[in-house]
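See below for the structure under consideration.
Every number here is computed from the coordinates shown, using simple stated rules; none is lab data. Every value quoted in this text rests on a predicted model; they were computed, and no experiment measured them. Every residue, glycine as well, gets a Cβ built from its backbone with ideal geometry; the counts of neighbours run over all protein chains shown.
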Amino acid sequence: MVASRNALVLTIGLAVGVGCSNTPPASSPSTNEAPPQPAPTAAPPLPEAAPPAMPPAPPPGTEPQAGAAQPGTATTPSAPAEAPLTDEQILAVLDASNKKEIDEAQLAQTKAKSKDVKAYAKAIAQHHAEAKAKQAKLVKKLGITAADSDKSKQLTEETQSALEQLKTLQGADFDQQFVATMIKDHQNTLDFLDRKALPNAKNADLRAMVENDLRPTIEKHLKDAEALSQKLGPAGAGATGTQGGAQPPAPGTKEAPLPPK
């Protein structure tokens, strides 16, 4: 009885063992499958452009020279320096200046209304005629010939323009414009003598004539013209075409009625 029971238990155990061995094992992952792809990552940022290199700072206590090209700036060519006038060109300018004032003064002697203006014009014509004669003697002595330049040609053109303007004026208007022209003429002549003639004249006789004779005369003429201008009053005070020296009404205003006669 006991032996039968043991045999039954053994038989059942063997059956269970066989059943477990017949169970198929869990399938392992196939080695042929593609491995999983890694997650995409963001591209690394591009490197920033480096800032432009700055020029080195000048040493302390130094400043850039005037006219020197600065780093990073375009340079423009400077105008060529004006060539100094020769003695021959200086003589031509002086001759044109004398002629300008003589022609204007001769016109004033016939058209001026003021006796003071007429007397001034007479002195101008006489003094500049004398200066012109002295210059002619100097040219003959030196054996040179005056040579035109842009300045002398400019004076010739200005003479014609000034004469044409003066010829259109009458009476007090002419007087004031003539004196204003004399002031401008003599200022320009003094500027030319100081900045061009005296610094550039090579001949000692020419320099002496300019410095000792011509310049003092021109300076006196300028002072006399300025005093005469103060005496005549502001330009336009003697405008023609108005009755009794009265000024015309301003634009947009009505003229006051004349008193009954």
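On full extension of the chain, what length is gained from Lys132 through Thr86, given 0.36 nm per residue of separation minus the C-alpha to C-alpha distance?
Values: separation 46, 0.36 × 46 = 16.56 nm, distance 1.87 nm.
Going from the current span to full extension adds 14.7 nm.
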Worksheet, complete the sentence: Assertion target for Val210, Val139, ordered by fewest C-beta neighbours within 10 angstrom first, is Val139, Val210
Worksheet item: Could you put Glu219, Glu82, Glu101 in order, starting from the residue whose Cβ has the fewest other Cβ atoms within 10 Å?
Response: Glu82, Glu219, Glu101
Discussion item. Can you tell me how the stretch 87-232 classifies by the Cα gyration tensor, rounded, prolate or oblate, using a/c under 1.5 as the rounded cut?
Written reply: prolate
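Here are some pairs, Lys122/Lys231; Lys113/Lys134; Lys132/Lys231; Lys115/Lys153; Lys132/Lys220; which of them have Cα atoms lying more than 27 Å apart in this structure? Before the final figure, lay out each step's value.
Values: Lys122/Lys231 18 Å; Lys113/Lys134 32 Å; Lys132/Lys231 30 Å; Lys115/Lys153 33 Å; Lys132/Lys220 17 Å.
In this structure, Lys113/Lys134; Lys132/Lys231; Lys115/Lys153 exceed 27 Å between Cα atoms.
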Fill in: Zone residues, the stretch 120-150, relative to Lys220, backbone N less than 20 Å from point 7 Å out along Cα-to-Cβ
120-136
Fill in: Leu222, Leu214 arranged by Cβ crowding within 10 Å, fewest neighbours leading
Leu222, Leu214
Response to the item:
Per the rule of 0.36 nm per residue minus the C-alpha distance, extending Asn203 to Leu142 adds in nm 21.1 nm
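Quick one: if you take sqrt(5λ) for each eigenvalue of the C-alpha gyration tensor of the stretch 178-226, what semi-axes come out, biggest first, whole angstrom?
On the way: eigenvalues 101, 23, 7 Å².
The three semi-axes for the stretch 178-226 are 22, 11, 6 Å.
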